[in-house]
Each structure stands twice: as C-alpha cells, then as structure tokens.
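A short worksheet on the structure shown next.
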C-alpha cells in the first residue's frame, strides 16, 4: 500500500511538471506570436511584478509577516541595476544577481523589526520604510545611469540600461524575463518544500511552539525577508532592462498596498497566486485602458476582490477557481447523465 501511494505521488508530480512545462512553452512561443509590441511589454511587466508578488506572498502566506515595501524594494533593485550597469561592464546576469543580493541585504535590515514585531506593527514599519525610500527617490529624481553616486544625468534616456546580447529585442527580452522568473519561482518552491518551508510554517502557526521545537526563529525570519527582497531586487533589475530608464513616479508607496491586495486575491498559499497577482496588477489596468475605461476602476475591483477573498475564499483565486471548475464539471456531468438516461439521477 505505501508503495502504491508513493507511485501515485510520483505520477501526480510528473503530471504537474508536464503541465507546467507545456504552459511555459506556450507562453514563450505563443504570446510573442499573437500580441503586439505594446502587449508584449505589458506581458513582460506581468512576469516582473509576479516576482514582487511572490516575495509578498512568501512573507505573508508562509511566515505570517506582512511587508508593505515590496514596490520600494523593486525600485532599489532597479537603481542598483542602473548604477552597476553604467559603472561596470559586467554581464547582465551578474548585474541581476548583484541587484538581488544588495536589495536582499537592504530588505533584511528592514526586516530586523520583524524579530520583535508582527501583524499591524510590522506592516506599519515596512510601510514607513517604503515611504522613506520613495522620498529619497523623489528628492533625487530617481537615480539613473550617469556619473556620480546618484547618476541623475542619465534621466531622459542619455544612459539607458543595456540588455543582454541574446535578448536585445522586445520579444527576446520577454522570453529572457519569463525564464528568469521561472528560475526564481523554482527557487521559492525549493525553499517552501524543504526545511525552510517547514520552519516558516511552524513560525506562522505559533512562534513559541516553533521555539520549543528547536526552530531558530531569528534566522528563519531574516531568511524569509532576505529571499523575498532578493527576488524583488532581481525583478527591479529586469524592470530596468525592460524600460531602460526608471522614474520615481513608477514606485509610489500606494502600489505596495495594491500589490498586497492582488497577492491576497491571487492566493498567498500558492505560487500560482503570485502569477495571478501579476496579471491583476499589470494586465487588468492595461485592458481597462484599452477598452476606453479608467484604470482607476481596477482599484475598486481590487477592493471588492479582497473583500470577497476574505469572506469566501481565504486561499485566493489559485485555490478557488479549480474548485469552482471541478464543481461545474460535476454539475455538467450530472445534467448530461440525466439527459442520456431520460430521468433524474
């Protein structure tokens, strides 16, 4: 019997891996083939902001810590990418890793209060950190490529972030971004399904119980902040490569609240929830504008969506939609059998 369970688990894992690989192949090949340049750039932004949502969901859903500074850290990653891209000739992947590592260190410093605070108090601390970072960006008109520490002379496109030689076109860069995002999603999956994930789950349920079980709460909390900030920093580097030159208006503090809202809607307990959050955050407003509607309507929809998630679907759309589709399939099956037999089942 245990052997059959193990075989069933292996088959299920193989099926899921096959489905994910097929979806990834469709995204890489079909999206550039059927979309315009504008929608391709929007799709690139969806992949980038999915990483920021992944960091927020990892902290809240896995560890129980609320971070409201992910968008600010996205800006930090973009700034580091632009500065290093101007000052050095390092390859693009090395620049991405450097942006992630430096942003991870800054995020870990912001996460130090998490050792003593939780819930609303931690959310306020991270929100104030986001406001401070945004204030620095505004004061210096967002640092871009150029001489000096801030590099403000790069504003206006004088020194734009170079892309990797294999991904200079928008189509190639979209594929590059999706592959990079996939690698980071796999990194998050590796953490969630191994010892750190189990430690984070114990901390989320009860810190005293986790301490009694021998979990080093301090290390694993800072580990979570470092990982989430690293992924967000890499996303910021990818964003810099996507648009070339960044602006302080692209990282308002309010967007961190919106990101948390769409992450809740997508599902904080599933990695798929981050993908849904990226779609909601970037694709939905673009669709509303394309339909001649104000993108501000998305904010209203997000508010309604968060209310619906909190009341009826705490696991978010990533868990609710498959259940609804399964229920719909069973209903259609019953109706079909009733029609075939000519009598109610």
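The values are calculated or read from the model by the stated rules, or taken from the named source; none is laboratory data. A quick note: this is a predicted structure, and the numbers were derived from the prediction, not measured. Reconstructed Cβ throughout: ideal geometry from the backbone, glycine too, with neighbour counts over all protein chains shown.
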statement: For the range 203-231 the number of residues that are crowded, with 18+ Cβ neighbours inside 10 Å, over 16 Å from residue 108 (Cα atoms) and free of Cβ contacts under 8 Å to residues at least 40 places away in the same chain is 2
- prompt: In the list 275, 309, which residue meets the criterion of being closer than 22 Å to residue 177 by Cα and buried (at least 20 other Cβ atoms within 10 Å of the Cβ)?
  reply: 275
- line: Heads up, the helices (runs of 4 or more DSSP H) in the range 248-345 (entirely inside) with at least 1 residues that are farther than 25 Å from residue 59 by Cα and in the same structural domain as residue 197 (by TED's automatic domain parsing) are 284-290, 297-312, 317-341
- prompt: Going by the structure shown, is residue 107 buried (at least 20 other Cβ atoms within 10 Å of the Cβ), modelled with pLDDT under 85 and in the same structural domain as residue 219 (by TED's automatic domain parsing)?
  reply: no
- request: Looking only at the range 179-188, decide whether some residue is touching a helix residue (DSSP H, G or I) at 6+ places or on another chain (Cβ under 9 Å), crowded, with 19+ Cβ neighbours inside 10 Å and modelled with pLDDT under 90.
  value: no
